[in-house]
Each structure stands twice: as C-alpha cells, then as structure tokens.
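Below is one structure, written out as structure tokens; comments come after it.
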Amino acid sequence: MSKLRTKASTAITTVLILGSVSAIIASLMLFQSTDNAISAKVLREGEKAAYAAESCAEIALEKLRISTSYTGNESITLSGTQDCSIGTITSSLGSYTIPVSATNGESTKRIQVVVDSVATSIIIESWKEQ
C-alpha cells in the first residue's frame with residue numbers, strides 16, 4: 001500500500017511540476033508576442049511620422065520656390081488627422097534651412113533640409129533626419 005501511495009505522490013508531483021513549467025513557458029511566449037506587437041506598432045508610427053515629415057518638407061520647398069520670402073512657422077494638416085510642422089526658415093547668403101517635424105503616436109520625426117538655391121531650380125544641399 002505504501003508503494004502505491006509513493007507512486008501516486010510521485011505522479012501528482014510530476015504532473016504539478018510539468019503543469020507549472022508549461023504555464024511559465026506559455027506566459028513567456030505571451031509576453032514575447034506582446035513585445036513584438038508593441039514593437040510593430042512603434043515601427044508603424046515611426047514610418048507614418050517620417051512620411052508626414054517628408055511631405056511637410058516638400059510642401060515647404062514648394063512654398064519657398066514660389067516665394068523666397070516664405071518664412072515657415074506653420075502647422076499643416078495632411079490626409080485626415082496627420083499633422084506636421086514647418087519651423088522658422090532661416091536664410092544666409094542665398095542658402096535656406098528648413099526644419100520640419102511630424103508626430104504619430106509616440107514617434108516624432110524631424111528633418112532639416114538645407115537648400116542652396118531656389119532662383120531657377122531648387123538645389124538641395126542636405127536632407128537630414130535629426
């Protein structure tokens with residue numbers, strides 16, 4: 001009778017240990033998939049913010065091409081609810097610096113465009129994400 005109890009205790013203990021290990025593994029897999037989903041969301045937000053900032057820079061370049069007295073300092077609503085901002089455009093010796101930014105969710109993208117000339121055509125000296 002005591003051998004039967006020992007085998008039963010061993011079986012129950014084994015089942016409990018395996019159940020606990022399985023629960024821990026399942027929890028770790030759930031946390032990993034949650035982290036992956038959050039990372040994917042942040043990546044999508046960053047891409048949308050980058051596209052919006054690039055669009056804003058192109059809008060600023062077009063406005064500067066139309067009028068070299070354009071100074072920026074405006075927020076623009078792009079498709080629906082996506083906004084971007086054009087900062088103060090500075091000029092020095094025919095060169096213009098255009099700062100723009102856009103935010104989507106928790107991601108903010110900033111771009112600084114330096115234009116060498118806008119007289120006959122726009123010559124972009126640099127286009128940097130900051």
Among residues of the stretch 67-93, those that are modelled with pLDDT under 90, of a type outside the set (S, T, Y) and loosely packed, with under 12 Cβ neighbours inside 10 Å, counted:
2
Name the strands (runs of 3 or more DSSP E) wholly within the stretch 55-128 that hold at least 1 residues that are touching a Pro at 6+ places or on another chain (Cβ under 7 Å)?
83-88, 107-117
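Pick from A60, A102: which is of a type in the set (G, A, S), at pLDDT 90 or above and closer than 29 Å to S39 by Cβ?
Values: A60 fails: closer than 29 Å to S39 by Cβ.
From the options A60, A102, the qualifying one is A102.
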If I filter the stretch 71-130 down to residues being in contact (Cβ under 8 Å) with a residue 40 or more places away in the chain and of a type in the set (S, T, N, Q), which single residue comes out as nearest to S55 (Cα to Cα)?
S101
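The values are calculated or read from the model by the stated rules, or taken from the named source; none is laboratory data. Nothing here was measured: the structure is a model prediction, and the numbers come from that model. As a convention, Cβ positions derive from the backbone with ideal geometry for all residues, glycine included, and neighbour counts pool all protein chains shown.
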